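Here the structure comes first, spelled out in structure tokens, and everything after it is commentary.
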Amino acid sequence: MPTPNSRCPATPAFPADPTRPTPETLRYSLTLPAALASPAMARAATTAFLRGHGLADMLDPALQAVSELTATACQFTESMDFYLALRYRSGTLRVIVYDSHPRHTQPNLAAACDTRRRASLRVLACVCRACEGDWGFGASREPGGGTRMWATLPRETAAKYGLASTGESAQRLTAWIS
């Protein structure tokens, strides 16, 4: 019989926070199957997360980043799933994807693989440049190894990217791809 001062084992030690989500509380991690439908599912989840946290003004470039990174992970991963993380801190959205494809130790093979991965992230590079953000990939520091890909999108410039009604962003994107 529990004593009056003990906690009930069914009571959570950390009750749910009742405050509304804010940009600073955006922290989500998803494990997704390496399937053709996963990028669409990741976009749907990202849309809900950003809207729920008051970051809908970043939706256009964020969804492009999520699309590019998750589609690339599906192409490269050697396991049945991959990992997506969304974080917002210091005015910047961070999109990080981990896949199980190991970094090659043989230099020629590593260069060829990096070239292929870079080519599949070409539009992401343009979006990040237009938003004054950053992107890249490298060896994962996670225990399972593999590859870590990321994009950072500062809110101020990402919000302007999504508001370009004149098509200026689309024109810049087309120019960078060409």
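Only a single criterion out of (1) at pLDDT below 95; (2) of a type outside the set (A, V, I, L, M); (3) under 15 Å from Leu69 (Cα atoms) is not satisfied by Thr152, namely (1).
Taking residues in the stretch 134-145 that are at negative phi and at pLDDT below 80, and partners anywhere that are in a loop (DSSP other than H, G, I, E, B) and small (Gly, Ala, Ser), the pairs with Cβ atoms closer than 7 Å and at least 6 places apart or on different chains are Gly144/Ser100. Taking the criterion of being under 21 Å from Arg116 (Cα atoms), open to solvent by less than 20 Å² (accessible area, probe 1.4 Å) and either acidic (Asp, Glu) or within 12 Å of the chain's Cα centre (by Cα) (or both), the residues of the stretch 73-87 that qualify are Ala73, Phe82, Leu84. Does Ala158 satisfy the criteria of being modelled with pLDDT of 90 or more and surrounded by 14 or more Cβ atoms within 10 Å (Cβ to Cβ)? Against the criterion (modelled with pLDDT of 90 or more and surrounded by 14 or more Cβ atoms within 10 Å (Cβ to Cβ)), Ala158 qualifies.
Residues of the stretch 19-46 that are part of a helix (DSSP H, G or I), hydroxyl-bearing (Ser, Thr, Tyr), touching a helix residue (DSSP H, G or I) at 6+ places or on another chain (Cβ under 8 Å) and more than 17 Å from Met80 (Cα to Cα): Thr46 alone.
Residues in the stretch 108-132 that are touching a strand residue (DSSP E or B) at 6+ places or on another chain (Cβ under 7 Å) and open to solvent by 30 Å² or more (accessible area, probe 1.4 Å): Glu132 alone.
Report whether or not Gly54 is at pLDDT 95 or above and not in a helix (DSSP H, G or I). Yes: the conditions hold for Gly54.
Residues that are open to solvent by 60 Å² or more (accessible area, probe 1.4 Å) and modelled with pLDDT of 95 or more were ranked within the stretch 88-107; the one that is nearest to Thr152 (Cα to Cα) is Arg94.
The values are calculated or read from the model by the stated rules, or taken from the named source; none is laboratory data. Bear in mind the structure is a predicted one, so any value in this text is a computation, not a measurement. Counting neighbours? That spans all protein chains shown, and the Cβs are built from the backbone with ideal geometry, glycine included. Accessible surface areas use protein heavy atoms only, side chains included; no ligands, DNA or RNA. Shrake-Rupley method; radii C 1.70, N 1.55, O 1.52, S 1.80 Å.
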